[in-house]
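Below is one structure, written out as structure tokens, with a few remarks after it.
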Amino acid sequence: MMACTFFKSLRLGAASLLCLLASGMGAGQAWAHSSSNSYLTLSQPAGALALRADVNLRDLDLALDLDNNRDGQVSWGEVQARDAELQTWLLQGIGLQAAGQDCKLGVADLQASTHADGIYLSAQWTPMCPGVTDASRASLTVRYGLIFAQDSLHRGLLKVDFPNYQSTALLSPERPQAQVSQAESGAWRVFGRYVVEGVWHIWIGIDHIVFLLSLLVLAPLVPSRLRVTRWQAAAKPRPVVLDVLAVVTAFTVAHSITLGLTITGWLTPPADLIEPAIALSVVLAALNNLLGFSALKRWRLAFVFGLVHGFGFASVLLDLGLPVTGLLAALGGFNLGVELGQLAIVCAFLPVAWWLRRTPFYKWVVVMGGSLTIVILGLYWTLDRVGWLG
């Protein structure tokens, strides 16, 4: 009877793992768009208000199907051929208000610009806002809604660069508008906005989540010289909690170090190395679970690879071109948000793991099967991020 129950659980677990693997492969594809950003700049050069939006040609193609010759690339000629349609589309997705009244944007000056991840369409307007003589002292509202229908992970990164203050904001499907005023640029408001963004970044970052779970999955078991599947379940919760606390603390300290060093300019590793390294860390963390007694201490692994993940967290903030005045507030808020996001994941996973820890299902399906699945996912992400999968 016990054997039948075990194999029934194993079959159910295997089916669940196949679903996880399929969804993870999709997540590997979605990674290419998880860092998809448009860049908006609101400034006042020579006293005149200026609004600029830079949108990746790849994202334009998602929305407007610009690749007429189907060669897999969008040329500037294909963009220019759709000028009138682009003007309309941009005005539908971008807006500016002053004191509740719409500012007239008019016809945008369209140019091509180069960013680290490709060619962008740069659209620039000189907005006319009724009753506004000095935009830097007015209360403005920026609206952004481009690409959200095609990619829910897309973000609009707004930088405000006025003579008397600088500010930043992240625009998303959940928060498509940003208030722009000197009061909104205060440190506490910046801090609060970036707490939310830190939580969100963890929750949409499946590679960070999988890495964290890889480090936690063995916590409810007592290490021994036997195979992992024969480890005994922990009898008391205190050692389990201490083990989890050590892992989370090591990861937090490590990523805080590299996040701070990168944001302050002390370290600037290239993103094309960091993203594959994060994926590789997922592979090694899962493989470590399968080594049993010979495995490295998980808190040490969390610290070493936490340094790598910190570079990934920093890239999100660096995309904004943060002003000096908002740097510490944004850094502190984002870091706190990351910790709150991690804590939510731990609190959701640990009670379930504790409840299942005595079952063959947990040891064979969750620990062994889950770790093997994560190895496959991590390898897939690594190959995808180095460009070997096309």
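The values are calculated or read from the model by the stated rules, or taken from the named source; none is laboratory data. Computed from a prediction, not measured in an experiment: that's the story for all the values here. Glycine also receives a Cβ, built like all others from the backbone with ideal geometry; neighbour counts cover every protein chain displayed.
Residue count for region 194-230 satisfying the condition of being part of a helix (DSSP H, G or I) and of a type in the set (Gly, Ala, Ser): 2. Please count how many residues of region 150-177 are closer than 24 Å to Arg58 by Cβ and either in contact (Cβ under 8 Å) with a residue 60 or more places away in the chain or assigned to a strand (DSSP E or B) (or both). Total satisfying the criteria: 13. Given the conditions (1) in a helix (DSSP H, G or I); (2) among the hydrophobic types (A, V, I, L, M, F, W, C); (3) surrounded by fewer than 20 Cβ atoms within 10 Å (Cβ to Cβ), and given that Phe303 satisfies all but one, which numbered condition is not satisfied? Failed condition: (3). Please work out if Glu275 is surrounded by 15 or more Cβ atoms within 10 Å (Cβ to Cβ) and either at pLDDT 95 or above or touching a Lys or Arg at 6+ places or on another chain (Cβ under 7 Å) (or both). Yes; evaluated as a whole, the condition is true for this residue. One residue stands out in region 72-103 among those that are closer than 18 Å to Tyr120 by Cα and among the acidic types (Asp, Glu): the one that is surrounded by the most Cβ atoms within 10 Å (Cβ to Cβ), namely Glu78. Just one residue in the set Ile374, Ile345 is on the phi < 0 side of the Ramachandran plot and either outside the structural domain of Glu275 (by TED's automatic domain parsing) or surrounded by 22 or more Cβ atoms within 10 Å (Cβ to Cβ) (or both); that residue is Ile374. The residues listed here are Leu96, Leu60, Leu51; of these, the one that is under 28 Å from Ala169 (Cα atoms), assigned to a helix (DSSP H, G or I) and among the hydrophobic types (A, V, I, L, M, F, W, C) is Leu60. Quick check on region 136-144. Is at least one of its residues closer than 19 Å to His201 by Cα and either under 28 Å from the mean Cα position of the chain (by Cα) or not assigned by TED's automatic domain parsing to the domain that holds Ala271 (or both)? No: region 136-144 contains no residue that is closer than 19 Å to His201 by Cα and either under 28 Å from the mean Cα position of the chain (by Cα) or not assigned by TED's automatic domain parsing to the domain that holds Ala271 (or both). If the Cβ limit is 6 Å and pairs must be 6+ apart or interchain, which residue in region 99-123 that is free of Cβ contacts under 8 Å to residues at least 60 places away in the same chain and closer than 26 Å to Ser136 by Cα pairs with which residue that is loosely packed, with under 12 Cβ neighbours inside 10 Å and not acidic (Asp, Glu)? These pairs meet every condition: Gln101/Pro130. When Gly205, Gly192 are checked against the criterion of being small (Gly, Ala, Ser) and surrounded by 16 or more Cβ atoms within 10 Å (Cβ to Cβ), Gly205 stands alone in meeting it.
Within region 164-209, the only residue that satisfies the criterion of being closer than 15 Å to Gly333 by Cβ, more than 18 Å from the chain's Cα centre (by Cα) and among the β-branched types (Val, Ile, Thr) is Val190. Filtering region 278-300 down to residues that are among the small types (Gly, Ala, Ser) and part of a helix (DSSP H, G or I), which residue is surrounded by the fewest Cβ atoms within 10 Å (Cβ to Cβ)? Selected residue: Ser294. When the criteria are applied in full, Ala98 fails the requirement of being more than 23 Å from the chain's Cα centre (by Cα) and at pLDDT 95 or above. Under the condition of being basic (Lys, Arg) and within 18 Å of Leu290 (Cβ to Cβ), the residues counted in region 349-386 number 2. No other residue among Gln80, Gln92, Gln73, Gln29 is out of contact with any Pro (no Cβ under 9 Å at 6 or more places or on another chain) and modelled with pLDDT of 95 or more apart from Gln92. The lone criterion from (1) surrounded by fewer than 21 Cβ atoms within 10 Å (Cβ to Cβ); (2) in the same structural domain as Arg143 (by TED's automatic domain parsing) left unmet by Ala178 is number (1).
Kindly evaluate Leu331 against the criterion of being touching a helix residue (DSSP H, G or I) at 6+ places or on another chain (Cβ under 6 Å), in contact (Cβ under 8 Å) with a residue 40 or more places away in the chain and surrounded by fewer than 16 Cβ atoms within 10 Å (Cβ to Cβ). In short, no. For region 131-152, filtering for residues that are surrounded by 17 or more Cβ atoms within 10 Å (Cβ to Cβ) and under 18 Å from Val196 (Cβ atoms) leaves 3.
Does Leu284 fit the bill of being modelled with pLDDT of 90 or more, out of contact with any strand residue (DSSP E or B) (no Cβ under 7 Å at 6 or more places or on another chain) and under 25 Å from Leu221 (Cβ atoms)?
yes
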